[in-house]
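Worksheet: one structure, shown below.
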Amino acid sequence: MDDAPRSEDTLKRGTRAREDYLESILNLIEEKGYARVVDIAQNLNIAQASVTGMIQRMDSDGLVSYEKYRGVILTSEGEKIARAIIKRHKSLAKFFNLFGMDDEDTYQDIEGIEHHMSSTTLKTIQALTDELERQPALLARVKARVSKES
Ligand code: FE2
């Protein structure tokens, strides 16, 4: 479901940037109730003018709907992609949390990894997370090994 075929448009160059935008927009909408260009620009650390340009392209691609005074709204296609990315982010965060890494430590790594995961990789990490949660002795051994090697 995460990797359900997308339209050619959304798979073209800039997929990663689009995924970052969609993730940021959905997070803003869920946190604040709306997503303004200024907030997206701040989240992604990108100039407002560039954000406006990208949002307009994403509007033409059918991923968002942009109204200057209302901010950015996700289309159902945009929301589907955003939810898949956020799910990957959360699954990866949960996996790394097992080893005592907090969300702040792992944020940048996860932002990179989350764009390059097939649904099989995601499922594998989820299964590993579940199994390690059920086997504290094994988890402790892995943690000890990581701290010894670092
Ligand atoms: Fe993310």
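The values are calculated or read from the model by the stated rules, or taken from the named source; none is laboratory data. Owing to the predicted nature of the structure, the values given are computational and were not obtained by experimental measurement. Heavy atoms of the whole protein, side chains included, go into the accessibility calculation; ligands, DNA and RNA do not. Shrake-Rupley method; radii C 1.70, N 1.55, O 1.52, S 1.80 Å.
Over the chain, how many pairs of lysines fall under 15 Å by alpha carbon, counting only those 8 or more apart in sequence or from different chains?
4
Excluding ligands, DNA and RNA, what is the solvent-accessible area per residue of the stretch 85-149 at a probe of 1.4 Å, expressed in Å²?
With the other protein chains kept in place, the stretch 85-149 gives 65 Å² per residue.
Strictly greater than 19 Å: what percent of every Cα pair in the chain meets that?
Here the tail beyond 19 Å accounts for 57 percent of pairs.
When the accessible area of the chain is split by element with a 1.4 Å probe, what percent falls to carbon and sulfur?
After summing per-atom areas, the C and S share lands at 51 percent.
In a Gaussian network model over the chain where Cα atoms closer than 10 Å are linked, find which of GLU79, GLU111, GLU31 has the largest mean-square fluctuation.
Residue with maximal mean-square fluctuation among GLU79, GLU111, GLU31: GLU31.
What is the angle, in °, between the Cα long axis of helix 48-60 and the longest principal axis of the Cα atoms in the chain? Nearest 10 is fine, range 0 to 90.
Its long axis makes an angle of about 80 degrees.
Using only the Cα atoms of the stretch 16-72, build the gyration tensor, take square roots of its eigenvalues as a ≥ b ≥ c, and label the shape rounded, prolate or oblate: rounded if a/c is under 1.5, else prolate if a/b is larger than b/c, else oblate. Display every interim value, and only then the final one.
Details: a/c = 1.23, a/b = 1.13, b/c = 1.09.
Cα axes put the stretch 16-72 in the rounded bin.
How would the stretch 85-149 be classified by its alpha-carbon gyration tensor: rounded, prolate or oblate, with rounded meaning a/c under 1.5 and the a/b versus b/c comparison settling the rest?
It comes out oblate by the Cα gyration axes.
Starting from the residue with the highest accessible area, list LEU92, LEU128, LEU98 in decreasing order, probe 1.4 Å.
Largest accessible area first, the list is LEU128, LEU98, LEU92.
Roughly how much of SER50 is accessible, in Å² to the nearest 10, using a 1.4 Å probe?
Here the residue's solvent-accessible area equals roughly 60 Å².
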